[in-house]
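Before any comments, here is the structure.
The values are calculated or read from the model by the stated rules, or taken from the named source; none is laboratory data. Fair warning: this is a prediction, and the values are worked out from it, not measured in the lab. Here the Cβ positions follow ideal geometry from the backbone for every residue, glycine too, while neighbour counts run over all protein chains shown. Accessible surface areas use protein heavy atoms only, side chains included; no ligands, DNA or RNA. Shrake-Rupley method; radii C 1.70, N 1.55, O 1.52, S 1.80 Å.
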Amino acid sequence: MDWQLEKISYLYLLLLLPLLAWRMGYLYRWKQTRITRFADSPMRKRILGSVNLSRFLMNNIWMLLVFILMVLALVNLLGGVEKKEVKRQGIDMVFVIDVSNSMNATDIPPSRMEKAKKIISEIISKLGGDRVGIVVFAGQAYSVMPLSNDYGAAELYLRGVDTRLLSAQGTNIADAVLEASHMLSKISHTSKAIILVSDGEAHQGEVNKAVKTANNENITIFSIGIGTPQGTPIPITHEDGYSEYKKDENGDIILTQLEDSSLKQLAAGTQGAYFYGGNSTETIIKQVFNTLSSLQKKEQATSFTYDAKPYFQIFIGLALLILICISLISYKRDFDV
């Protein structure tokens, strides 16, 4: 069996043993001296009875042993393997993020993309026990993070999301929902959700297909519309740092506006909810979690961990046993009456 000490620094407490032993010897000699000075041997016996200083010495030796055992309990001796069952409850959710160029628009400050990432980051920071995945889309959809409860990794993936990830432009919401549904289709016996963040519109036939796929997999879609209905230019920054607004074939500046009818349809068709991304982040987060609470958190997985078995309780038990024995045997203290 492989033995190890979990908190070896507590062994430094054993350096107190010489001091405790010296104190024990000092008190023994002090008692001897005081009793001798009190009266001569015949008179001392008549007054005090039979003095048993060896019992005092033995009790203190046992107390030193108790101290050693308590230090060993703090060190926590580990050995062998202990099997532990770990159960996890929560929701499996996939964040689907629009990375088309229109998400660079600044009608939702600082930009639609940054607002979308902030909302998702805040949601992740408040989760516990839930698994998350990330899908990005524009003209096509791609999975960038599989389902995981590693929220630190999710934050890292999220920071790298921007509109330069995909060269194929467009707003293929249906393909994004299908990609997220495929990720969640491998999961059973758990609540599943898609949180879709976009500013765009999808074709009616594609929306119906996405709703049907999500319903077949028992997936609820929560959509967040990022943008304003008024419309705004799409900024484009070139590699040399030059910035301009996106233009059409005639040289006219293209305006992008929030078109959320598809987002609302996706949410309504799967018994989910739609949220307007122009509200404050705090308001959106509160609305999202209020609706997520309607999804039942189910036991997602049962796993087993194998940890080294602790033996500190043995040393504590021995120390308590010694203390009990001392209290029962030494009730006469130092004297035989």
Per residue, in Å², the accessible surface of the stretch 125-191 once ligands and nucleic acids are set aside, probe 1.4 Å: 46 Å²
Apportionment of accessible area to carbon and sulfur, the stretch 97-236, percent (1.4 Å): 49 percent
With only Lys, Arg, Asp and Glu charged, each at its Cβ (+1 for the first two, -1 for the last two), find how big the charge dipole of the stretch 161-282 is about the Cα centre; round to the nearest 20 debye. 660 debye
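How many Å² of accessible area per residue for the stretch 218-258, probe 1.4 Å? Intermediate values should be presented prior to the final figure.
Numbers: 2550 Å² over 41 residues.
Here the residues of the stretch 218-258 average 62 Å² of exposed surface.
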